[in-house]
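Let me begin by presenting the structure, written as structure tokens, before commenting on it.
The values are calculated or read from the model by the stated rules, or taken from the named source; none is laboratory data. This structure is a prediction, so every number in the text was calculated from the model and none was measured. When we count neighbours, we look across all protein chains shown, and the Cβ atoms used for this are built from the backbone with ideal geometry, even at glycine. Ligands, DNA and RNA are excluded from the accessible area calculation, which covers all protein heavy atoms including side chains. Shrake-Rupley method; radii C 1.70, N 1.55, O 1.52, S 1.80 Å.
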Amino acid sequence: MNSINRYKILGLAGLVIAVQLLTQFTGTAFYLTQLTMSAYYGLVIIGLGVLMGYAGQLSIGHAGFFAIGGYLSAALTTHNLLSYKDSLCIRLLERADMLVLSEDIYGDALLTVVPWGACLMAVGTAALIALLLAVPVLKLKGHYLAMATLGFGTIIYRILLATPYFGEADGISDVPPFQLLPALGGLPPVVVSGSFDNRVVNYYVAWGILIVGMLLLLNLINSRVGRALRSLHSSEEAAEAVGINTSRCKVQVFVLSAVYAALAGVFLAHYNAGIGPSEAGVMKSVRYVALVAVGGMTNLWGTLLMGVSLTFLSLRGVFGSLDDAVFGVILIGVMLFAPEGILSLRRFLVPAKDAALKRDEP
Amino acid sequence: MLKIRNLDAGYGKLRVLKNISLHVKAGEIVTMIGANGAGKTTLLHTIIGLVRASAGAIEFQQKEHTGSCAQKIVAAGCTLVPEGRQVFASMTVEENLILGGYMLQRREGKDAVLRELQYQYDLFPVLRERREQYAGTLSGGEQQMLAMGRSLMSRPRLVMMDEPSTGLAPLIVREIFKIITRLRDEGNTVLLVEQNATAALGIADRGYVLEVGKVILQGPAADLLANSDVQRAYLGREKIG
């Protein structure tokens, strides 16, 4: 990790705290809800940013991974497993201390998976599916890769819409809170849920996860493996010639970005106490791709900033019913006028000579 | 060092290389000349494992390497400077070189890579001047030097070069070939594939002539230079009288 990135991370952490204090004092704490959600979507976007910008592999199916994470975690923590009590699976889960017995709203016994267990299973499943998908699909390039991942996203969307277990068009609601940390030394437990009392804690949890996720990716990019990734979209032949296993490298980064998306899905499902099929829609995947492009393909910080702020505006309903249209226009505008991302426009603010001396982030 | 026996390779049903045999001894420059489409690049790709051989054997450092993947053969000490340079354009010169030490870093750690980096900067001083620049902004000659430096970063035993003279001004070509000679004099082994037959045979110890996938001539470079068939076909000289 170089010092510039260290300062940027500290700056981001400072900004996060400042925003929270600002909302506290101005009595606008309701903004925190959308800021929390934006941070989780930010996690999807930076994961996709590494895949697209650095490794040069396009995916128009990332909403699929988000949905796999969110839906599995929601279903496992919500649906009653009591009737399967004697099956081997359930007994194994019980042995692993991953089940919880409670009561549903009618007072009947309800046996479900504990959220952390469901989270592990959901993210693990998403990683496995990503692996199985990546091995054949990443042999494709350009348009063909785009079409294959688009197809994957569509399949996931259709499966969710048609499966009663996943609630068909209604999705899954009443997803229980996700307790991250138990009550310690007089402090209340840290719980991921949408309840009013937890708003500030959840805001910090979400941004904490996003910052840690960002740190990991920044370290990855500047490591030996990261350099290998970045070499992929210049020349695979040359990359092979210096000894990089290009196909394994591509599969690894694809799985990593799927894990980021799935993790975001899990947390958002618990935060919103539910998830619906629109989260898996193709337009969502397209939006993630657009946000990476708007931020700048090989600029992870730009991706983070633009991704989070545009998502926030969209969640606040600033674009109204024109939401998708606005994202379309932004994408076209960026492609035409600032193909290196919105932040590259700052060169018009800095005198040309300085800009030439200053090198952008790789 | 490198021994190839009765090698066949191609793409799908297309057989590009037919029954190729050749060898490279430690410390020599061996050149492979031939026209477009003769199979020169395919041969190098087969040796390094990007194209699979359908018959025959590749032996490197007394070890069988037929059908090995590129990682294995690179790890064993054989690298390729690809045709058209193929530097990593969106990375800096220094990052390109460090990436060339990808295998070295895994084997001996980061310090070894940094030491090797200084050595490459001494060999190619212009790269030191340009270390912070994106590789895509270099001139053709500088890119060729970068591609060579990148390959040398892994301290290979055998460097294979695919048409290093492509698209370069004659003056730069002379400089590149001077560097190749120097590499040999410092104890490296080079397999040089070229269309520029005069220049390649001028610095090589031995040579092979490849035509539509077959070796049609081989011998000491000086003999090939003097050979009338080679002169007519590749050097553009017609013996008069």
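Looking across the stretch A:19-40, the residues that are under 16 Å from the mean Cα position of the chain (by Cα), open to solvent by less than 10 Å² (accessible area, probe 1.4 Å) and of a type outside the set (S, T, N, Q) come down to A:ALA39, A:TYR40. Of everything listed in (1) at pLDDT below 90; (2) on the phi > 0 side of the Ramachandran plot; (3) of a type outside the set (Val, Ile, Thr), the single unmet condition for B:GLY56 is (1). Taken over the stretch B:85-102, residues that are more than 13 Å from A:GLU240 (Cα to Cα) and either more than 9 Å from every other protein chain (Cβ to nearest Cβ) or buried (at least 24 other Cβ atoms within 10 Å of the Cβ) (or both) amount to 5.
Of all residues in the stretch B:52-66, those satisfying the criterion of being under 17 Å from A:GLY243 (Cβ atoms) and surrounded by fewer than 19 Cβ atoms within 10 Å (Cβ to Cβ) are B:GLN61, B:LYS63. Each residue in the stretch B:182-219 was checked for being within 13 Å of the chain's Cα centre (by Cα), closer than 16 Å to B:LYS25 by Cβ and surrounded by 22 or more Cβ atoms within 10 Å (Cβ to Cβ), and 5 pass. If I ask for residues that are under 18 Å from A:TRP301 (Cα atoms) and part of a helix (DSSP H, G or I), which ones from the stretch A:332-346 would you list? Residues satisfying the conditions are A:VAL334, A:ILE342, A:LEU343, A:SER344, A:LEU345, A:ARG346. Among the residues of the stretch B:11-41, those identified as out of contact with any Phe, Trp or Tyr (no Cβ under 8 Å at 6 or more places or on another chain) and among the polar types (S, T, N, Q) are B:ASN19, B:SER21, B:ASN36, B:THR41.
Among the residues of the stretch A:41-66, those identified as open to solvent by less than 10 Å² (accessible area, probe 1.4 Å), part of a helix (DSSP H, G or I) and in contact with a Leu (Cβ under 6 Å, 6 or more places away or on another chain) are A:GLY42, A:LEU43, A:ILE45, A:ILE46, A:GLY49, A:VAL50, A:HIS62.
Would you confirm, using the coordinates I've provided, whether A:ARG316 is at pLDDT below 90 and more than 30 Å from B:GLN86 (Cα to Cα)? Taking the combined requirement at face value, the residue satisfies it.
The conditions of being more than 14 Å from chain B (Cβ to nearest Cβ), open to solvent by less than 10 Å² (accessible area, probe 1.4 Å), of a type in the set (Val, Ile, Thr) and under 21 Å from A:TRP116 (Cβ atoms) are not met by A:VAL259. Against the conditions (1) within 13 Å of another protein chain (Cβ to nearest Cβ); (2) assigned to a helix (DSSP H, G or I); (3) among the β-branched types (Val, Ile, Thr), B:VAL126 satisfies every one except (1). Apart from one condition, B:LYS110 fits all of (1) open to solvent by less than 20 Å² (accessible area, probe 1.4 Å); (2) farther than 27 Å from B:ASN196 by Cβ; (3) among the basic types (Lys, Arg); the exception is (1).
Picking from residues in the stretch B:158-181 that are open to solvent by 30 Å² or more (accessible area, probe 1.4 Å) and among the hydroxyl-bearing types (Ser, Thr, Tyr), the one that is modelled with the highest pLDDT is B:THR181. Can you find, within the stretch A:103-131, the residue that is modelled with the lowest pLDDT among those that are open to solvent by 50 Å² or more (accessible area, probe 1.4 Å) and under 17 Å from A:GLN179 (Cβ atoms)? Per the criteria, the residue is A:TRP116. When the stretch A:54-84 is filtered for residues that are within 20 Å of A:GLY42 (Cα to Cα) and of a type in the set (A, V, I, L, M, F, W, C), the ones remaining, listed by number, are A:ALA55, A:LEU58, A:ILE60, A:ALA63, A:PHE65, A:PHE66, A:ALA67, A:ILE68. Looking only at residues that are more than 7 Å from every other protein chain (Cβ to nearest Cβ) and small (Gly, Ala, Ser) in the stretch B:74-84, which one is least open to solvent (accessible area, probe 1.4 Å)? Across the stretch B:74-84, the extreme among qualifying residues is B:GLY77.
A search for C-beta distances below 7 Å between a residue of the stretch A:159-177 that is open to solvent by less than 70 Å² (accessible area, probe 1.4 Å) and any residue that is part of a loop (DSSP other than H, G, I, E, B), counting only pairs 6+ apart in sequence or on different chains, returns A:GLY171/A:GLY276; A:VAL175/A:ALA273. Look at (1) over 14 Å from A:SER285 (Cβ atoms); (2) aliphatic (A, V, I, L, M); (3) modelled with pLDDT under 95 and you find that A:LEU43 fails only one, number (3). You will find that of B:SER139, B:SER165, B:SER154, the residue that is among the polar types (S, T, N, Q) and in contact with a Leu (Cβ under 8 Å, 6 or more places away or on another chain) is B:SER154 and no other. Provide a single number: the residues in the stretch A:215-250 that are open to solvent by less than 10 Å² (accessible area, probe 1.4 Å), part of a helix (DSSP H, G or I), without any contact (Cβ under 8 Å) to a residue 12 or more places away in the chain and at the interface with another protein chain (Cβ under 7 Å from one of its Cβ atoms). Number of matching residues: 2.
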